[in-house]
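Remarks on the structure that follows.
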Amino acid sequence: MATVELRFSALPEHVRTARLVAAAVARRAGVDEAVLDEVRLAVGEACSRAVGLHQAAGVTEPVRVALIEEEKQFSIEVGDEAPRSAPGDRASGGAADTDVETEEDEMGLAVISGLVDDVEVTAGDYGGLIRMTWPTTPPGVALT
């Protein structure tokens, strides 16, 4: 299992770099050329979401991206360090802002789910993780 790890400051200008690296590693791992645009878009959305969560929560830790090549599949994990509270735990003063952030978060997850067939989202007190997986074709094997 080959893994490439990328960490970047939670700044929007670094999202493009993450997209380019993800597409290059996905191509090398054997992800179908026709799917590479979806990989780029999904990674861009997941990284933008993580950057937004970090900025909203004042988190200074970097956003984490792991590009994992396994037998017959390629996965990308985008992790953030932004804590999530359980529904109903919101402070009364910031509920309106939190609702807007939640809507944006849900929209980003809907976009990712539309681009990736196999996606898992987890979140908790110490941050969240989006794991996206695509099938691969071994080198030298043609798809029919």
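The values are calculated or read from the model by the stated rules, or taken from the named source; none is laboratory data. The structure presented is a predicted model; accordingly, all values stated were derived computationally and were not measured. When we count neighbours, we look across all protein chains shown, and the Cβ atoms used for this are built from the backbone with ideal geometry, even at glycine. Remember, those area values only see protein heavy atoms, side chains included, never the ligands or the DNA or RNA. Shrake-Rupley method; radii C 1.70, N 1.55, O 1.52, S 1.80 Å.
What is the number of the single condition among (1) of a type outside the set (D, E, K, R); (2) modelled with pLDDT of 90 or more; (3) under 18 Å from the mean Cα position of the chain (by Cα) that Thr102 does not meet?
Tallying (1) of a type outside the set (D, E, K, R); (2) modelled with pLDDT of 90 or more; (3) under 18 Å from the mean Cα position of the chain (by Cα), Thr102 fails exactly one: (2).
Suppose we keep only residues that are crowded, with 18+ Cβ neighbours inside 10 Å and of a type in the set (Gly, Ala, Ser) within the range 31-54. Which one would you say is nearest to Thr136 (Cα to Cα)?
Selected residue: Ala42.
Cβ-Cβ distance below 6 Å, separation of 6 or more or different chains: which pairs start in the range 76-91 with a residue that is open to solvent by less than 70 Å² (accessible area, probe 1.4 Å) and modelled with pLDDT of 50 or more and end on one that is in a loop (DSSP other than H, G, I, E, B) and of a type outside the set (Lys, Arg)?
Close Cβ pairs (under 6 Å, with a partner that is in a loop (DSSP other than H, G, I, E, B) and of a type outside the set (Lys, Arg)) amount to Glu81/Val59; Glu81/Glu61; Ala82/Val59.
Any residue in the range 9-19 that is of a type in the set (A, V, I, L, M), touching a Pro at 6+ places or on another chain (Cβ under 8 Å) and buried (at least 18 other Cβ atoms within 10 Å of the Cβ)? Talk me through it step by step, then tell me what you get.
If we filter the range 9-19 for residues that are of a type in the set (A, V, I, L, M), which is where we start, we get 10-11, 15, 18.
If we keep only those that are touching a Pro at 6+ places or on another chain (Cβ under 8 Å) too, we end up with 10.
Then keep just the ones that are buried (at least 18 other Cβ atoms within 10 Å of the Cβ); that gives 10.
Checked the range 9-19: at least one residue is of a type in the set (A, V, I, L, M), touching a Pro at 6+ places or on another chain (Cβ under 8 Å) and buried (at least 18 other Cβ atoms within 10 Å of the Cβ).
Tally time: how many residues in the range 60-74 are surrounded by fewer than 21 Cβ atoms within 10 Å (Cβ to Cβ) and within 17 Å of the chain's Cα centre (by Cα)? So that I can check it myself, show each step before the final result.
Start the filter on the range 60-74 by keeping residues that are surrounded by fewer than 21 Cβ atoms within 10 Å (Cβ to Cβ), which leaves 60-62, 64, 66, 68-73.
Checking which are within 17 Å of the chain's Cα centre (by Cα) leaves us with 61-62, 64, 66, 68-69, 73.
Residues in the range 60-74 being surrounded by fewer than 21 Cβ atoms within 10 Å (Cβ to Cβ) and within 17 Å of the chain's Cα centre (by Cα): 7 in total.
Do you know which of the residues in the range 105-144 that are over 23 Å from Val25 (Cα atoms), modelled with pLDDT of 85 or more and in a loop (DSSP other than H, G, I, E, B) is least open to solvent (accessible area, probe 1.4 Å)?
Ranking the qualifying residues of the range 105-144, first place goes to Asp125.
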